[in-house]
Amino acid sequence: MLYFSKFDEQIQENMKIHRFYINTPLQNKREVEIKDHELINQWKNVLRFNEEDKIILFDNSGYEFLFFIKEITDKRVRLVLLEEKKIDLGGGYDLHLIPALIKKDMFELMLEKVTEIGVQKFLPLLAERSIKNTLNLERSKSIIKEAAEQSGKVRIPEITEPEKLETILKNREVDRFYIALDPKGEKFSKKVLTNKKVAVFVGPEGGFTEKELSLFKENNISIVSLGEQILRAETAAIAITSILQLGE
């Protein structure tokens, strides 16, 4: 493994070094050849990269890789590794967010901001009061990927197809602590969490129905609130993620 003296110097000297996710394992590779047409077009024609320019890549391994461009053409880019660094993911929560589908622009805003703060997986929920019942999964993945690249994350959160509450409850992980946000719940405190693996249900505009709240209770899901104020769905998702990942 290479150490990161040069890497850190490069970051300090040039804060505009761009980061990109690559769906290819990068460890133990001294040279990498990129043939992805969309990525090459972005690098060559949009960002106008040239030979000797430096970029940072990550591959969901928990490492960052500093490369310089050895060759760049319309058909391929050849990269040479300078250094690699294992990123300390810190002591935050392994967080799964289960947000009800809401209006497209607000849902996409939530995906972007929550990814920046820190979440490992999204499980979109088809709630009874959801205005929408479909999700453009590929667009959602693109938003998540871009947010992860720009915010310094070294892993891309997963996102699944939307499912009904009954299905998500049936398939929940036995070793993960689940909570549901609702204004009628008890004031949230981290003291209720039994471990670092947490999943949070966030309702749609109008909140969860009485039937859904009953399902949570039947499945021993803790119902909690963020206080007396009534938050929009996307605000609640961002708030609970911030409390878990950024708070003391």
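The set of residues in region 218-248 being aliphatic (A, V, I, L, M) and at positive phi is empty.
So which of Lys29, Lys113, Lys44, Lys70 ends up being open to solvent by 60 Å² or more (accessible area, probe 1.4 Å), more than 30 Å from Lys190 (Cβ to Cβ) and at pLDDT 90 or above?
The conditions single out Lys70.
Comparison of Val192, Val174, Val198 shows that the only residue that is open to solvent by less than 50 Å² (accessible area, probe 1.4 Å) and β-branched (Val, Ile, Thr) is Val198. With respect to (1) modelled with pLDDT of 95 or more; (2) β-branched (Val, Ile, Thr); (3) under 25 Å from the mean Cα position of the chain (by Cα), the lone exception for Thr209 is condition (3). A single member of Glu146, Glu212, Glu205 is touching a residue at least 40 places away in the same chain (Cβ under 8 Å), out of contact with any Ser or Thr (no Cβ under 7 Å at 6 or more places or on another chain) and assigned to a helix (DSSP H, G or I), and it is Glu212. For beta carbons closer than 9 Å, sequence separation of 6+ or different chains, a first residue in region 42-68 that is of a type in the set (Lys, Arg) and a second that is crowded, with 16+ Cβ neighbours inside 10 Å and at pLDDT below 90, the qualifying pairs are Lys54/Gln10.
If we keep just the residues of region 16-56 that are of a type in the set (A, V, I, L, M) and in a strand (DSSP E or B), which is nearest to Thr73 (Cα to Cα)?
Ranking the qualifying residues of region 16-56, first place goes to Ile34.
Quickly run through region 52-67 and pick out the residues that are modelled with pLDDT under 90, on the phi < 0 side of the Ramachandran plot and surrounded by fewer than 19 Cβ atoms within 10 Å (Cβ to Cβ). Ser61, Tyr63 - these are the residues of region 52-67 that are modelled with pLDDT under 90, on the phi < 0 side of the Ramachandran plot and surrounded by fewer than 19 Cβ atoms within 10 Å (Cβ to Cβ). Whether any residue in region 241-248 is part of a helix (DSSP H, G or I), open to solvent by 10 Å² or more (accessible area, probe 1.4 Å) and of a type in the set (A, V, I, L, M) is what I want to check. Yes, the conditions are met somewhere in region 241-248. From the list Phe49, Phe20, Phe7, the lone residue that is aromatic (Phe, Trp, Tyr), touching a Lys or Arg at 6+ places or on another chain (Cβ under 6 Å) and either modelled with pLDDT of 85 or more or crowded, with 16+ Cβ neighbours inside 10 Å (or both) is Phe7. Scan region 166-179 and give yes if some residue there is modelled with pLDDT under 95 and more than 23 Å from the chain's Cα centre (by Cα), otherwise no. Within region 166-179 (the criterion being modelled with pLDDT under 95 and more than 23 Å from the chain's Cα centre (by Cα)), the answer is no, since none of the residues qualifies. Candidates are the residues of region 32-41 that are charged (D, E, K, R) and in contact (Cβ under 8 Å) with a residue 24 or more places away in the chain; the one that is surrounded by the most Cβ atoms within 10 Å (Cβ to Cβ) is Glu33. Taking region 207-248 as the range and being farther than 21 Å from Glu108 by Cα and acidic (Asp, Glu) as the test, the residues that pass are Glu210, Glu212, Glu218, Glu228, Glu248. The set of residues in region 84-104 being among the charged types (D, E, K, R) and either closer than 17 Å to Leu231 by Cβ or assigned to a loop (DSSP other than H, G, I, E, B) (or both) consists of Asp88, Lys103.
The values are calculated or read from the model by the stated rules, or taken from the named source; none is laboratory data. What you see is a predicted model; the values in this text were computed from it and never measured. A quick note on method: Cβ atoms are made from the backbone with ideal geometry, for glycine too, and the neighbour counts reach across all protein chains shown. Side chains included, ligands, DNA and RNA excluded: accessible areas come from the protein's heavy atoms. Shrake-Rupley method; radii C 1.70, N 1.55, O 1.52, S 1.80 Å.
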